[in-house]
Structures are given as structure tokens and as C-alpha cells.
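The values are calculated or read from the model by the stated rules, or taken from the named source; none is laboratory data. Quick caveat, the model's predicted, so the values are computed rather than measured. Note that we place each Cβ from the backbone using ideal geometry, even for glycine, and neighbour counts take in every protein chain shown.
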Amino acid sequence: MDMGEGLRKALSMISRSTIIDAKTIREFNKELQKVLIASDVEVDIVFKFTKEIEKKALASKPPAGLPPKEYITNIVYEGLVELMGNTYSPEIKPQRILLLGLYGSGKTTTAAKLARFYQNRGMSTGLICCDVSRPAAYEQLETLAKSANASFFGVKGEKDAAKIAEQGLKAMKGKQVIICDTSGRSALDDVLITELKAVNKVFAPDQKILVLSADIGQVAGVQSREFDKAVKINGVIVSKMDGSGKGGGALSAAASSGAKVLFIGEGEKVNDLQPYDPNSFIGGLLGIPNIAALVGKVQSAVKEAGVQPEDVDIDKMDFETFYTQLKAINKMGPLKNIFGMIGAADVPKEMIDEGEEKLKKYKYIISSMTREERKDASLLHNQSRISRVARGSGTSEKDVRDLISNFNKMKKSYKSMKNNRNLKKMFGG
């Protein structure tokens, strides 16, 4: 069970209570403590936090008409937001960023995500590979740089990281945001510290950012302090938040150590990096909808996928435009995150996995259609065409028919929403 699921189950206890008394709150706090400790939040922090929850919950009664669950949820929400650190608003300006981290932290992938983040905000970006110890680090960053539309520099076979940094700065002259990816180790040893200090001196970064994997839990605090002592970091990026139920432990530990959380990484795509906002993060854990974040995701994905306003003309919609929209959905990140933004965080994993699989199949099927079939869905009433598309896409005829059926249902649904002014206003038309 991940942290969010555990918190929501604990809160469901309150919904079964008609009154909030000391006994109810103590039972709730016991569940809350189990969830937080299992999520690697430090024990001292947990007991201090739950004591505050009890104090606030018993100090006053819920306002008239407000259900007990919503009242307690709000108290927990405000407490967790305070516990997890402050919101980060990145400055969009020319800068040099030095990334640090141990093996397995997701540092190289984060470098590309960071480049894409600034690239999407109109800044030219460049990536320098100063990881001279990990095999294939050069090739990995080079590939990721292409997907992030960023420039790349590295010297294959060179073992002097500081020398690479110096040459990289010359090669990246004119780039507004330059990001340097450094070597990692299984632990912060003297050799790594010496190397990082040498690169730091040559690169002269504006920001030194530590990348921490969400699954390390409360060890995040220890690592933050160690790296800060060695090279004085400006903050941390917590990666792999989508694959860890202990991400809250990493965030609370980092925040309690005095390290500022700057970004969180969710998913494997280069767009899956967001400035840290404890309000939306905690809201997601508690199942509170975040429509603003969803709108932002939609607009960004639509822009990147190249969907034009005319593409969403329902009367003219065909498989060609549907395929473009499928690509936009794919760029929004994992379906689990999208469901979380609309407050449906507890959608069964099997259903999400099935949805992901269907989206993949649909893209393969449409790719196997002829241009005429994409433009005129009625052509696919022909059995021989269905058979050919199924063979070409490596799917079954039933899969092809499911796509056609769902496509027609979707067109009907879109038509019913077409004149909904609130939706059009929310999603920019």
C-alpha cells in the first residue's frame, strides 16, 4: 500500500463516525501513524505531527453542514503541506545547473527533464556529460538530449570530469541554460567529493542540485546533509515519485534536513518533471482534485502533439485526428497521475493497466490503416479491411472492432459536451 492509499483509507474511518470525539481521533491517529511510519517518515516527526492533528481536531467542532471527514481531511491536508516544505517557483533566466547524486537516483534522466522544462519555457538548453565512471552514461545522456531537444556535449573515454566541463562550457557558448550531469557512486566517498569539487570550480554553477530517488525514504535527509557539507547544495529534486509509495518520506526527510525541494519527477518521459508544490502533491495523496494541474497538462500535451483547433471539429473528426489526440494523451504522462488530478486516485490498478494497454493497441491499429481509412471510418465496415488492419497491427479483429466502437461512442460524448461553456472556458476552447 502506498502512502496516498493508506492516508485515504485512514480518513475513511472518519466518514463512518457521526461525531468527532477524543476516542475517534486517537483511533484515527493510530492508523495515520502506521501509514506515515510505513512510508518512511521519521518516527519523531510522525508523533509530533499526529499530536498536532489531535490538538486541532479537538480544539473546535466542524462548521455546521461540514461532514466530519472533510473537516479532518482539511486539518491533515494543512498539516502535511506544512510538513513537506514550501512551494518552489523556478526563475526562468540564463543559468548553469550542476546535478549531483548517487547511483540509481535517476540523475541522468532528470538532467534531460530539466533541460526540457526550460526548453518549454523558451530557453535554449545544453547538456554536458561529466559522468566519467558509469558505463554508457555518455550514450544515455546523448539520446535523452535529443528527446529533450537540447544540445549535447561529452568526450567519450575522457576520465577528467573537470576537463570535460571546461570544454563543454566553450561548446555550449550562447546556450541560456547549461546543465552538467556528474558521476555517481554507491556512497559519497572522498574520490567522488574531490571530483565534484573540481567540476564545481570549473563549471561555476548558479545552482547545485542533488537528485534523490523517492524510494530511499528518510535516508533523503542524511544524503542531503552529506552532499551539502561536501559541496553546498541549493536544493533537491526527488525523482521516481510515480514508482514509490515512500515518496512522502523522502520529501519530509529532505525538508526536515533544511534542503529545499525544487522539483519532483513522475514518469519516464522528458516532460514528467514539475516544480514542487506541496499543495498539489498532498492534494493528490488525499484524493483532492487538482483541475488547474490537469488543465496545464492538457494544454502542454496538446501544444506538443501539434493538435490544432480545427482538429477537434467533432463533425469532421476521423481516425487521423483521433490518432493525433491519442499522442497528446500519451504525452500527459501515466493514466494513474491523470486520474489522481480529477480526484479518482483509487481507480483499480488493473483498470489503469488495461487502459494503458488499450491506448497502445489503438495507436498500432490506426498506424496500420490506409490514409483513406483514417479519413473515412465507414470504409472499416468491410470485413476484409478489418482483417488486414488486425494482421498489420499485430492485434485481433475484436481489438479493431473495439476501437471502431469506442471511437463512435467518443464522438457522441464529445458532441454532448460541445456546447458546455464551462468546459470550453476551462480548457481554453
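Descriptive notes on the structure:
- Condition met for F263 (aromatic (F, W, Y), modelled with pLDDT of 90 or more and in a helix (DSSP H, G or I)): no
- The single condition among (1) among the charged types (D, E, K, R); (2) in contact (Cβ under 8 Å) with a residue 12 or more places away in the chain; (3) part of a helix (DSSP H, G or I) that K61 does not satisfy is (3).
- Residue in region 147-157 that is outside any loop (DSSP other than H, G, I, E, B) and closer than 24 Å to F227 by Cβ present: no
- Long-range neighbours under 8 Å by Cβ, at least six apart or interchain, first residue farther than 18 Å from C180 by Cα and in a loop (DSSP other than H, G, I, E, B) within region 201-228, second at pLDDT below 90 and basic (K, R): G217/K246
Yes or no, residue by residue, for (1) in contact with a Ser or Thr (Cβ under 8 Å, 6 or more places away or on another chain); (2) in contact (Cβ under 8 Å) with a residue 40 or more places away in the chain; (3) assigned to a helix (DSSP H, G or I):
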residue: I72; (1), (2), (3): no, yes, yes
residue: E78; (1), (2), (3): no, no, yes
residue: I97; (1), (2), (3): no, yes, no
residue: F117; (1), (2), (3): no, yes, yes
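- In region 141-186, residue farthest from N271 (Cα to Cα) [restricted to those that are in contact (Cβ under 8 Å) with a residue 40 or more places away in the chain, surrounded by fewer than 24 Cβ atoms within 10 Å (Cβ to Cβ) and among the charged types (D, E, K, R)]: R185
- In this entry, R391 passes the filter for residues that are at pLDDT 85 or above, surrounded by fewer than 17 Cβ atoms within 10 Å (Cβ to Cβ) and farther than 26 Å from E268 by Cα.
- Among the residues making up region 10-53, those that are in contact (Cβ under 8 Å) with a residue 24 or more places away in the chain, outside any loop (DSSP other than H, G, I, E, B) and within 21 Å of N279 (Cα to Cα) are A10, L11, S12, L32, V35, L36, I45, F49, E52, I53.
- Scanning region 119-140 for residues that are assigned to a loop (DSSP other than H, G, I, E, B) and surrounded by fewer than 23 Cβ atoms within 10 Å (Cβ to Cβ) yields N120, R121, G122, M123, S124, V132, S133, R134, P135, A136.
- Filter result for A137 (in the same structural domain as G184 (by TED's automatic domain parsing), at pLDDT 95 or above and either under 24 Å from the mean Cα position of the chain (by Cα) or over 20 Å from E268 (Cα atoms) (or both)): no
- Region 234-247, subset under 22 Å from S89 (Cβ atoms) and surrounded by 21 or more Cβ atoms within 10 Å (Cβ to Cβ), residue modelled with the lowest pLDDT: G247
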